[in-house]
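Below: one structure, written as structure tokens.
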Amino acid sequence: MPAWDPDVYSRYRAYRDRPALDLMLKIPRDLDPREIWDLGCGPGEHAALLAARHPGAVVHGLDSSPQMLERARGQGADVDWVLGDIGSWRPAVAPDLIFTNAALQWLDGHETLFPRLLDSLAPGGVLACQIPQVEDAGWRRSLREVAADGPWAGKLAALDGVRQGHDPRAYHDWLSPLASDLDVWVTTYVHALEGEDPIVDWTSGTSLRPYLERLERGEETAAFLATWRTRLAEDYPRRADGITLLPFTRLFVVARR
């Protein structure tokens, strides 16, 4: 996992919040959770919202970034903030709700990870998950190609980043034997971004960070970003009104044990 910058990550908060809120709306209304985990809670807004929505529940927010958890503690919410890794997470008490927004794409082995998370729930508990489906997105493809085709290629080889996506139908196949109710869907949001380099700005808090962490600051980083900006200008031209449209696809899973 790369290091995170909470300020950069929060720059496009409205766009990042919308899928999380859409996911929350799909949590079954008859669920009355007493134990909730937000896995990959980031700066904590969604864990805080879950705590406000379910005041009788014990809410935990797990994240691997101390910087994110420091920001989360500033929420002032009644949440147990936990530094840890999702891959090795094992709850002491079976949760009634596992909520995870834009985090599991950093982990391998979804064919075992998702069933394990569902199986860790209390009977009748709910797994609510959203992950970006960006593997074949034009900006990610051009980022990989630029990384592999310049003088920096050796530094960026075999970069450990977002994992290969799966067909949404695979999640149904993995989870349906364990679920009493299962909903899997995909939504493409079309974000209208402003600014000179909005896609560079958008990704600089997440997907771009592993690349920048391996490059030398100064000329090498500037050359890498200039090359990628040229590709982005071709694939995502800024419109006459100054807006750059960024289609962004996300996979949603709501499964009840």
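Residues that are in a loop (DSSP other than H, G, I, E, B), farther than 13 Å from Thr249 by Cβ and at pLDDT below 95 were ranked within region 167-198; the one that is least open to solvent (accessible area, probe 1.4 Å) is Gly195. Figure legend. Inter-residue proximity from region 172-194: first residues under 30 Å from Leu245 (Cβ atoms), second residues part of a helix (DSSP H, G or I) and open to solvent by 70 Å² or more (accessible area, probe 1.4 Å), beta-carbon distance below 8 Å, spacing 6+ or different chains. Indicated pairs: Val184/Arg169; Val184/His172; Tyr189/Arg18.
Of all residues in region 243-257, those that are touching a Leu at 6+ places or on another chain (Cβ under 9 Å), surrounded by 15 or more Cβ atoms within 10 Å (Cβ to Cβ) and among the aliphatic types (A, V, I, L, M) total 4. Please determine, by comparing only the residues of region 64-102 that are assigned to a loop (DSSP other than H, G, I, E, B) and open to solvent by less than 10 Å² (accessible area, probe 1.4 Å), which one is nearest to Asp17 (Cα to Cα). Selected residue: Ser65.
Residue count for region 5-34, restricted to those that are buried (at least 20 other Cβ atoms within 10 Å of the Cβ) and either modelled with pLDDT under 80 or part of a strand (DSSP E or B) (or both): 1. Looking only at residues that are open to solvent by less than 30 Å² (accessible area, probe 1.4 Å) and not in a helix (DSSP H, G or I) in region 210-242, which one is farthest from Gly195 (Cα to Cα)? Out of the qualifying residues, it is Leu215.
Residues that are at negative phi, open to solvent by less than 10 Å² (accessible area, probe 1.4 Å), assigned to a loop (DSSP other than H, G, I, E, B) and in contact (Cβ under 8 Å) with a residue 12 or more places away in the chain are absent from region 56-63.
Put simply, of Leu143, Leu107, Leu62, Leu159 the only residue that is modelled with pLDDT under 95 and within 15 Å of the chain's Cα centre (by Cα) is Leu107.
The values are calculated or read from the model by the stated rules, or taken from the named source; none is laboratory data. Just so you know, these numbers come straight off a predicted model, no measurement behind them. Ideal geometry is used to build each Cβ from the backbone, glycine not excepted, and the neighbour counts take in all protein chains shown. Surface areas here come from the heavy atoms of the whole protein model, side chains and all, with no ligands, DNA or RNA. Shrake-Rupley method; radii C 1.70, N 1.55, O 1.52, S 1.80 Å.
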